[in-house]
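Nothing in this text is a laboratory measurement; each read-out follows from the coordinates by a stated rule. It should be emphasised that the depicted structure is a prediction, and the values quoted were computed from it without experimental measurement. Counting neighbours? That spans all protein chains shown, and the Cβs are built from the backbone with ideal geometry, glycine included.
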Amino acid sequence: MITGVGPAGPRMGRVLSTIVRLGLAALWLAAGLFKIGDPQGMVRSVRAFRILPEPLVHPVAYAVPFVEIALGLLLLAGLAVRVSAAVSALLLAAYITAIASAAARGLRIDCGCFSSGGDLTAGAPTHYTGEIVRDGLLLVASALLVRLPAGALTVDRLLERGPHPQAAEGPEAARS
């Protein structure tokens, strides 16, 4: 167990948490930034899954890059890490479900995970298995971060410490 007895356990947990948090931050930032410049490509990608009713396709397509970038920034800063990791896990579970649904229904699409996706041309290979495995591993990483959010270099840790006791009591208390 990562949070084992002794000083090495918690330290390793913080190192692992930091690495996972920064990796997920980079992933969400890259995914969102690749998509944000192509809103019509995102509309094609969301529509290709044939899951959402048409009135929801545009709002979801326009929102996804911003949600991904927000998650990336929150994780990068280490702000609301546990909540951000939980939202990350939920988003990845939704992506896995959508990809598995497309595969089960025989759709031939590009998921649009790091670009604008959409229907594939005839003969173009699908990559469903790899996408599901990748997103599954990222889901596990997100779940790990929910469990171990207290990594290094986080705003959360600064907020936990609160103000210095002497600063809270004023300069008179510091002199006594």
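Worth a mention:
- From the coordinates of this entry, P(r) over Cα pairs in 10 Å bins from 0, in percent is computed, and it appears in [x] 10, 39, 40, 11, 0; [y] 9, 36, 37, 14, 3, 1, 0; [z] 10, 31, 27, 16, 9, 4, 2, 0, 0 under the label [z].
- Relative exposure of L75, L139, L153, judged by other C-beta atoms within 10 Å (fewest first): L153, L139, L75
- Residue order, fewest to most surrounding Cβ atoms within 10 angstrom, among F49, F66: F66, F49
- Region 19-149 - percent relative contact order, Cα under 8 Å, separation 6 or more: 35
- Relative counts (whole %) of C-alpha pair distances in region 55-156, using bins that are 5 Å wide: 2, 12, 19, 21, 18, 13, 8, 4, 2, 0
- Gain in span if fully extended, R108 to L16, counting 0.36 nm per residue against the direct Cα distance: 29.4 nm
- Helix content alone sets the calculated 222 nm mean residue ellipticity of the chain: runs of n ≥ 4 DSSP H residues at -39500 (n - 2.57) each, divided across all residues, give -23000 deg cm²/dmol.
- Under a 5 Å amide H cut-off, with hydrogens placed 1.01 Å from N, I109 pairs with L120 among residues at least 5 apart or on other chains.
- Angle between the chain longest axis and helix 8-36 axis [Cα atoms, degrees, rounded to 10]: 40
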